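Heads up, the thing below is written out as structure tokens.
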Amino acid sequence: MAEVLLFHHALGPTEGLRAFADDLRRAGHTVHTPDLFDARTFDSIEAGVGYAKEVGWEEIMARGERAAQSLTNELVYGGFSLGVVPAQQLAQTRAGAKGALFFYSCLPPSEFGGWPAGLPAQIHGADADPIFMDEGDVDAARELVASADDAELYLYPGDQHYFADSSLPSYDAAAAQLLTQRVLEFLARVG
């Protein structure tokens, strides 16, 4: 079974994030869901990103690093949207990573020095999400897939950014079910 360090999105540690982590736990995986926002949640992406800017991106990244420090190096690093940033940095720079799961976001692999040889990854996004499709994330995801030995990009029909968070109005049950199935197959393979 895999051990996963899973970072939340800009709305904070929502019930939907906890439900997703619980789905992975029921499949036998160990899942850690650190809180980058000091137990704060937000009603909009703009408010959550504003809070992250107020705290400072360096501090958000440091919180991600601190969350990993007490854990084994052999982790799958995952993140939803804003949470992809610390997850991707750790996956690319912390020795021993077993895999990477990026939801709704992706940075160019060059952001953290290039994609490590042999590190498997999955990237998930909606094919009409203006954030994922128009702000460079899908391009970064395609670049990562092209540069990696074992990486897949999955696009789901829809225009919602947080389509797999069951606690939000943007939730798409069919897409979320398929996403979860693909993640569980990935974790079974890399764990």
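The values are calculated or read from the model by the stated rules, or taken from the named source; none is laboratory data. Source: prediction; values computed, not measured. With ideal geometry, Cβ positions are generated from the backbone for all residues, glycine too; neighbour counts draw on all protein chains shown. Areas reflect the complete protein model, heavy atoms only, side chains present, ligands, DNA and RNA absent. Shrake-Rupley method; radii C 1.70, N 1.55, O 1.52, S 1.80 Å.
Among helices (runs of 4 or more DSSP H) lying entirely in region 1-75, which contain 3 or more residues that are under 15 Å from the mean Cα position of the chain (by Cα), at pLDDT 95 or above and under 15 Å from VAL85 (Cβ atoms)?
Those helices (runs of 4 or more DSSP H) span 57-69.
When you check LEU168 against the structure, is it surrounded by 15 or more Cβ atoms within 10 Å (Cβ to Cβ), assigned to a loop (DSSP other than H, G, I, E, B) and among the hydrophobic types (A, V, I, L, M, F, W, C), yes or no?
yes
Can we say ASP172 is within 27 Å of TYR51 (Cβ to Cβ) and more than 17 Å from the chain's Cα centre (by Cα)?
Judged against the criteria, ASP172 is a match.
So which of GLU74, GLU54 is open to solvent by 40 Å² or more (accessible area, probe 1.4 Å) and free of Cβ contacts under 8 Å to residues at least 12 places away in the same chain?
Checking each option against the conditions leaves just GLU54.
For region 130-139, indicate whether the set of residues that are buried (at least 21 other Cβ atoms within 10 Å of the Cβ), closer than 20 Å to LEU5 by Cα and at pLDDT 95 or above is non-empty.
No, that holds for no residue.
Could you list, in sequence order, all residues of region 97-129 that are surrounded by fewer than 17 Cβ atoms within 10 Å (Cβ to Cβ) and either over 30 Å from TYR171 (Cβ atoms) or among the aliphatic types (A, V, I, L, M) (or both)?
Within region 97-129, SER110, PHE112, GLY113, GLY114, ALA117, GLY118, ALA128 meet the criteria.
Among all residue pairs at least 6 apart or on different chains, which show Cβ distances below 8 Å where the first residue, located in region 137-165, is under 15 Å from GLN122 (Cβ atoms) and of a type outside the set (Phe, Trp, Tyr) and the second is open to solvent by 70 Å² or more (accessible area, probe 1.4 Å) and in a loop (DSSP other than H, G, I, E, B)?
As it stands, the answer is ASP149/ALA117; LEU155/ASP127; ALA164/TYR171, since those pairs meet every condition given.
Within the group ARG182, ARG142, ARG94, which residue is open to solvent by 50 Å² or more (accessible area, probe 1.4 Å) and over 25 Å from ILE45 (Cα atoms)?
ARG182
Check region 15-30 and report whether any residue there is open to solvent by 50 Å² or more (accessible area, probe 1.4 Å), more than 23 Å from ILE131 (Cβ to Cβ), free of Cβ contacts under 8 Å to residues at least 40 places away in the same chain and of a type outside the set (Lys, Arg).
Looking for residues that are open to solvent by 50 Å² or more (accessible area, probe 1.4 Å), more than 23 Å from ILE131 (Cβ to Cβ), free of Cβ contacts under 8 Å to residues at least 40 places away in the same chain and of a type outside the set (Lys, Arg), one finds at least one in region 15-30, hence yes.
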